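Here the structure comes first, spelled out in structure tokens, and everything after it is commentary.
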Amino acid sequence: MRSDFDPGQLGPREFYKFLTSVVVPRPIAWVSSTSPAGVDNLAPHSFFTVASVDPPIIQFTSVGEKDSLRNIEATGEFVVNLAPATLIQEVNATGTNFSSDVSEFDAAGLTREPSAVVRPPRVKESPAVLECSLHQTLRMGDCVLVFGAVVHGSVSTGVLRSGHPDVTGLDPLSRLGGDEWSTLGPIQDLPRIRASQWPGSFTPRIPRHPE
């Protein structure tokens, strides 16, 4: 048995709540940008992913017109800072709808760190950062997709294992539905099955869901 959700009947706001409860967990792009007037903005965006490998391009979605979007379109630069679980209160605080002349760095008590390539500062307390130049924006409905070409990456040495970022050291936050947040649960290594290694038959275990 299933319950059905019709976007035409529910309306945008209610269906948004449904979507964000189903598309989970969502990694957080903690985006720092600088306005033309020199105000450093910092905001969490939970519609975030890799858009291209070569060239390296990441993408986040601005739901509506926000300071992050305005600053990036005006200056062409931004930084995506990893949002670690230890800073959940600060990450949440930077989602406050302050006026554009208020810097979330100062409001949340976070430390600016100079970026290597772009103008907007990095969050010093973040273990991993991606400095980006604006590749393009794409309007879609009431949202804007922001594509950033990664021009520099930097990771705290203490979270590297064999030269690569270790996810347990990064300890990333993610967003769920409503006001729910999540951290890393159990981690399982499961190599992808190659065609040459296919066992000849495969019977997946089908989990039962509550009715």
Heavy-atom SASA rank of ILE206, ILE187 (probe 1.4 Å, accessible area, largest first): ILE206, ILE187
Fully extended contour minus Cα-Cα distance, from LEU19 to VAL53, at 0.36 nm per residue: 9.6 nm
Sites matching GluC sites (Glu not before Pro) across the range 1-81 that sit in DSSP coil, with at most 13 neighbouring C-beta atoms within 10 Å: GLU65
Where the chain is the region considered: accessible area per residue in Å², 1.4 Å probe: 63 Å²
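For the chain, give the percent of accessible area contributed by carbon and sulfur heavy atoms, probe 1.4 Å, rounded to a whole number.
C and S fraction of accessible area: 53 percent.
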Percent RCO, i.e. relative contact order, over the chain, from Cα pairs under 8 Å lying at least 6 residues apart: 22 percent
Value at 222 nm in deg cm²/dmol, rounded to 500, when DSSP H runs of n ≥ 4 in the chain each add -39,500 (n - 2.57): -4000 deg cm²/dmol
Given (i) 15.6; (ii) 13.4; (iii) 18.2, the label whose value is mean projected area of the Cα convex hull in nm² derived from this model: (i)
Degrees between helix 12-22 axis and first principal axis of the chain (Cα, 0 to 90, nearest 10): 60 degrees
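Given Cα pairs under 8 Å that are at least 6 residues apart, what percent is the relative contact order of the range 26-151?
Working: 296 pairs, mean separation 38.4, N = 126.
Value for the range 26-151: 30 percent.
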Dipole of the chain [Lys/Arg +1, Asp/Glu -1 at C-beta], most positive-end residue of GLY11, VAL23, ALA37: VAL23
Computed Kirkwood radius, in angstrom, where 1/r is averaged over Cα pairs of the range 64-152: 13.9 Å
Cα-centre dipole for the chain with unit charges at Cβ (Lys and Arg positive, Asp and Glu negative), debye to 20: 680 debye
Candidates LEU42, LEU82, LEU176: whichever shows maximal mean-square fluctuation once the chain is modelled as a Gaussian network with Cα springs under 10 Å: LEU176
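Net charge near LEU110, counting Lys/Arg +1 and Asp/Glu -1 over other residues with Cβ under 12 Å of its Cβ?
On the way: positive: ARG112, ARG122, LYS124; negative: ASP40, GLU90, GLU104, ASP106, GLU113, GLU125.
Neighbour charge sum, excluding LEU110 itself: -3.
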Relative contact order of the range 1-63, defined on C-alpha pairs under 8 angstrom at six or more residues apart (%): 21 percent
For the range 87-199, alpha-carbon Rg over 2.2 N^0.38 Å: 1.37
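The values are calculated or read from the model by the stated rules, or taken from the named source; none is laboratory data. Nothing here was measured: the structure is a model prediction, and the numbers come from that model. All Cβ positions, glycine included, derive from the backbone under ideal geometry; neighbour counts span all protein chains shown. We work out accessible area using only protein heavy atoms, side chains counted, and drop any ligands, DNA or RNA first. Shrake-Rupley method; radii C 1.70, N 1.55, O 1.52, S 1.80 Å.
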